[in-house]
Amino acid sequence: MLDLLANKWSALAIGAMEDGPQRFGALARRLEGVSPKVLTRTLRRLEEKGLVDRTVYPAVPLHVEYELTPLGRGVAEPLARLRDWVEEHADEMRDAPPE
């Protein structure tokens, strides 16, 4: 589970869904730089672990939404604090001498 949560795209996808259900296209736009293949794989892994629900609405064209489960909302809070910390300390990390 830690590998999944430590993954860049997983953490960002969870953060993007904090505001509520999102369609695949909306998630792809919010997560600039993620390929459709990587986003699909990320969402499937989050769903398999019970962090995300996938709801299919029968319409033409097909309408699919992804939403955090209660477990996913629970992990979103500490991930948000980690994102805040990284943003706050980005300059220090960038200026640190290489090892």
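The values are calculated or read from the model by the stated rules, or taken from the named source; none is laboratory data. Just so you know, these numbers come straight off a predicted model, no measurement behind them. All Cβ positions, even for glycine, are placed from backbone atoms using ideal geometry, and neighbour counts span all protein chains on display. Note: areas computed on protein heavy atoms with side chains; ligands, DNA, RNA excluded. Shrake-Rupley method; radii C 1.70, N 1.55, O 1.52, S 1.80 Å.
The residue pairs whose first member lies in the stretch 75-89 and is among the hydrophobic types (A, V, I, L, M, F, W, C), whose second member is loosely packed, with under 10 Cβ neighbours inside 10 Å and in a helix (DSSP H, G or I), and whose beta carbons are closer than 8 Å, counting only pairs six or more residues apart or on different chains, are Val86/Met93. Candidates are the residues of the stretch 59-74 that are modelled with pLDDT of 95 or more and among the aliphatic types (A, V, I, L, M); the one that is surrounded by the most Cβ atoms within 10 Å (Cβ to Cβ) is Leu68. Residue check, Val56 against (1) open to solvent by less than 50 Å² (accessible area, probe 1.4 Å); (2) in contact with a His (Cβ under 8 Å, 6 or more places away or on another chain); (3) aliphatic (A, V, I, L, M), all met but one. Which one? It fails just one condition, (1). Could you check, for the stretch 41-64, whether at least one of its residues is touching a residue at least 40 places away in the same chain (Cβ under 8 Å) and out of contact with any Leu (no Cβ under 8 Å at 6 or more places or on another chain)? Scanning the stretch 41-64, I find at least one residue that is touching a residue at least 40 places away in the same chain (Cβ under 8 Å) and out of contact with any Leu (no Cβ under 8 Å at 6 or more places or on another chain), so the answer is yes. Determine the pairs where a residue that is farther than 14 Å from Glu48 by Cβ and modelled with pLDDT of 90 or more, located within the stretch 1-17, has a partner that is part of a helix (DSSP H, G or I) and of a type in the set (S, T, N, Q) with Cβ atoms under 7 Å apart, the partner being 6 or more residues away or on another chain. Partner pairs satisfying both residue conditions: Trp9/Thr42. Among the residues of the stretch 5-41, those identified as surrounded by 15 or more Cβ atoms within 10 Å (Cβ to Cβ) and more than 23 Å from Val56 (Cβ to Cβ) are Leu5, Asn7, Ala11, Leu12, Gly15.
Exactly one condition in (1) open to solvent by less than 90 Å² (accessible area, probe 1.4 Å); (2) touching a helix residue (DSSP H, G or I) at 6+ places or on another chain (Cβ under 7 Å); (3) charged (D, E, K, R) is false for Glu47; which is it? With (1) open to solvent by less than 90 Å² (accessible area, probe 1.4 Å); (2) touching a helix residue (DSSP H, G or I) at 6+ places or on another chain (Cβ under 7 Å); (3) charged (D, E, K, R) applied to Glu47, the lone miss is (2).
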